[in-house]
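Here the structure is laid out as structure tokens; the discussion comes afterwards.
Only the coordinates and a few stated rules stand behind these numbers; no lab work does. Owing to the predicted nature of the structure, the values given are computational and were not obtained by experimental measurement. Cβ placement follows ideal geometry from the backbone for every residue including glycine, while neighbour counts extend to all protein chains displayed.
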Amino acid sequence: MSHAQGVPASVSDSGFPGIGYARQTLAVAEADIRKLIHDPVELLTRMIQPVLWLLIFGQVFTRTRAIPTGGISYLDFMTPGVLAQSVLFGAIFYGISLIWERDLGVVHKFLVSPAARSALVLGRAISSTARSLCQMVLVYLLALGLHVHLHIGLGAFAGVTAAVIFGSAVFSTFSLIAACIVKSRERFMGIGQVLTMPLFFASNAIYPLSLMPIWLRNVSRINPLTYQVDALRSLMIVGGATTFGLWVDFAFMAGALALMIAIATRLYPKIIT
């Protein structure tokens, strides 16, 4: 495959294999991001959801004061959760593009290229973050308009960006795994609908872990979304506290991403069988 088709011709293009691998990964990511630029409708429609959550759900529950939030307003408490939810809902359906590309023959071209399978998976994971970062900007703008008490600083913003990137990469790779297994658009959409709600509600996105029954609290501790929200709440909100610690949050997300990439790399060729 030529450079023009999206994947570098060979790792040997560079004297350093790591650079060749990076070029392959970025070429896959660039191809997906170009599709988003040429067709931004999907991105615009996904921006509606955080608007509804913050403007309606957040405003109502802030007035009820029914959920203990540790000294911050409920709107402040839920804003990082809404951002994490936007990332989750956008990334979990990302795998359907893999099924479309298989039907169009694009996946076959990638698989016969010299690119490493892990580079194909990682490139897709990276490209999914473009959508999530756009949603992050929207949530920040909404939060500022609603007078949410945000940390304004380069360090805090960099940390939030890193948490969004990790979360998007984890759930988009998980989505690719599902696409490789079910191989059908209809079944994939059903799987996506089944997975999003349990992942969302079995996390600390809209209520603290202390309100959960013990069994659900235990489930939430193996949910990557819980750690993403925990990191976002600490980095994003003035007075927001971390339950596990930022190092634990990012280490868990990094471990989950490594595991997902390893599984997806093994399953990736099976999408065409």
Cα axis of helix 117-145 to longest principal axis of the chain: angle in degrees, 0 to 90, nearest 10?
-> 30 degrees
What does the highest-first list of 144-151, 91-98 look like by mean Cβ count within 10 Å?
-> 91-98, 144-151
Along each of its three principal axes, how wide is the spread of alpha-carbon positions in the chain, in whole angstrom units, largest first?
-> 58, 39, 34
Lys109 paired with Leu154, simple spin-label distance in nm, labels 7 Å along Cα-to-beta-carbon | 4.1 nm
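How high is the relative contact order of the chain, in percent, with contacts defined as C-alpha pairs under 8 Å that are six or more residues apart?
Dividing the mean separation by the residue count of the chain yields 25 percent.
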Taking Cα atoms, how many degrees apart are the long axis of helix 185-201 and the longest axis of the chain, rounded to 10 and kept between 0 and 90?
-> 30 degrees
Sorting Tyr268, Tyr207 on the 10 Å Cβ count, fewest up front, what's the list?
-> Tyr207, Tyr268
Any idea what angle helix 154-182 forms with the longest principal axis of the chain, computed on alpha-carbon atoms, 0 to 90 degrees, nearest 10?
-> 60 degrees
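Nothing charged except the Cβ atoms of Lys and Arg (+1) and of Asp and Glu (-1): what's the magnitude of the dipole of the stretch 40-272 about its Cα centre? Round to the nearest 20 debye.
460 debye
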Rounded FRET efficiency, nearest 0.05, which uses the C-beta distance separating Ala258 from Val219 and R0 of 22 Å | 0.55
R0 of 41 Å, Cβ-Cβ distance Val248-His38: FRET efficiency to nearest 0.05 = 0.55
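What's the exposure ranking of Cys134, Cys180, going from fewest to most Cβ atoms within 10 Å?
The most exposed by this proxy come first: Cys134, Cys180.
How much length would be gained if the chain were fully extended between Arg63 and Arg266, taking 0.36 nm per residue of separation minus their Cα-Cα distance, in nm to one decimal?
Extra length from Arg63 to Arg266 when fully extended: 68.2 nm.
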